[in-house]
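Report on the following structure.
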Amino acid sequence: MAAKKGAAPVADSGLGGMDDNVAQLSKGSRVWYRQDATTWVLAEMRDAPSAPPPPADGKAPKKGAAAPPNVAPITLLSGPTAGKPVDAVPVTSLMPANPEMQASISDMTQLSYLNEPSILGNLQLRYSKDAIYTCAGPVLIALNPCKELPLYSEEVQHDYKAVAHESLHTLTPHVYLVAGAAYRAMVREGASQSIVINGESGAGKTETTKRAMKFLASLAGGPGRVEERVLETNPVLEAFGNAKTLRNHNSSRCGGGARRRG
Ligand SMILES: Nc1ncnc2c1ncn2[C@@H]1O[C@H](COP(=O)(O)OP(=O)(O)OP(=O)(O)O)[C@@H](O)[C@H]1O
């Protein structure tokens, strides 16, 4: 299969180059098909990739032009067009799908293929089950549920407090797991720890920070007023750093030009 670089109709995400994945495609393979710039659809290959048909106008390709990519017939498996056959799809718009895609995977490193649609598909599947936290090795991915979930109760905190003193990650991914790991490292090494929380506006950084601080305060607080006092610093910090924006009533990034109303 000779899909040449530069022939892809859409930009590569950089998460496992498309060309690298073409070799994985054969008849019966489950694949992700890039329908447009933002949509991946699960599909099955009806046959192995083959050379593309000659151009309709019969003209020979220009000298030095990149060879067109091989093509394959597929059947769409997900979305409103499920069951629809699509012929002659360029292999450069296909990515191998994980065989374990039916079950959601709590640690991305367990996915057989770590390409963009597999990561997004796994996150989407978990999100549909209100599993907003997913690990990617030591990194925690937190999605904004845009609703209150029963993930932060005293009982849940109690469970994660128990493992905060152990080194094993026996519970499902959670911001408490990350906070607990930082706490454990601080106690073990006797040194300050940092948790980097990153994401676009409205992603949930402030909420995640508050949950982590609350958990840390309750871990270390004991019978005193530590938890209360740590959390009382929030309004002061927010008064200096936060502002209401079109997208977020409590944004920690002020101004910043036009924003989409969310
Ligand atoms: N874990 C969560 N549970 C429930 N609601 C959440 C959660 N995370 C975020 N939200 C909701 O999303 C809104 C935006 O989240 P947040 O203010 O934390 O975003 P942000 O990433 O800090 O945004 P900005 O960069 O603009 O400050 C919150 O006001 C809250 O309503």
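Given R0 = 45 Å, the distance between the Cβ atoms of THR75 and ASN250 translates into a calculated FRET efficiency of 0.45. Placing a label point 7 Å from the Cα of SER106 along the Cα-to-Cβ line, the residues of segment 134-157 whose backbone N sits under 19 Å from it are 134-145, 149-157. For segment 123-132, the Karplus equation 6.51 cos²θ - 1.76 cosθ + 1.60, evaluated at θ = phi - 60°, returns couplings of 5, 5, 4, 5, 4, 5, 9, 6, 8, 7 Hz by residue, with Gly and Pro reported as x. In terms of the Cα gyration tensor, with a ≥ b ≥ c the square roots of its eigenvalues, is segment 105-186 rounded because a/c is under 1.5, prolate because a/b exceeds b/c, or oblate? Note, shape of segment 105-186 comes out oblate.
Assuming charge only on the beta carbon of Lys and Arg (+1) and of Asp and Glu (-1), the dipole of segment 130-247 about its Cα centre is about 260 debye to the nearest 20. Exposure check, 1.4 Å probe, all protein chains in place: ARG184 carries approximately 40 Å² of accessible surface. Model label points for TYR127 and ALA66, set 7 angstrom from Cα along the Cα-to-Cβ axis, are 3.0 nm apart. For segment 140-152, backbone phi angles converted through the Karplus equation (6.51, -1.76, 1.60; θ = phi - 60°) give residue-by-residue couplings of 9, 9, 10, 9, 6, x, 6, 6, 7, 10, x, 9, 10 Hz, Gly and Pro being listed as x. Annotation: amide H of VAL89 within the under-5 Å range of ALA72, ILE74, sequence separation 5 or more or interchain, hydrogens built in the peptide plane. Remark: accessible surface ordering of GLU155, GLU116 (largest first) is GLU155, GLU116, probe radius 1.4 Å. Students often get this wrong, so check it: of LYS62/LYS84; LYS210/LYS244; LYS161/LYS210, which have C-alpha atoms separated by over 24 Å? Distance filter (> 24 Å) returns LYS62/LYS84.
The values are calculated or read from the model by the stated rules, or taken from the named source; none is laboratory data. Predicted, not measured: the structure shown is a model, and the values here were computed from it. Cβ sites come from the backbone with ideal geometry, for glycine too, and all protein chains shown count toward neighbours. Ligands, DNA and RNA are stripped out before the accessible areas are found, and what is left, the full protein with its side chains, is counted by its heavy atoms. Shrake-Rupley method; radii C 1.70, N 1.55, O 1.52, S 1.80 Å.
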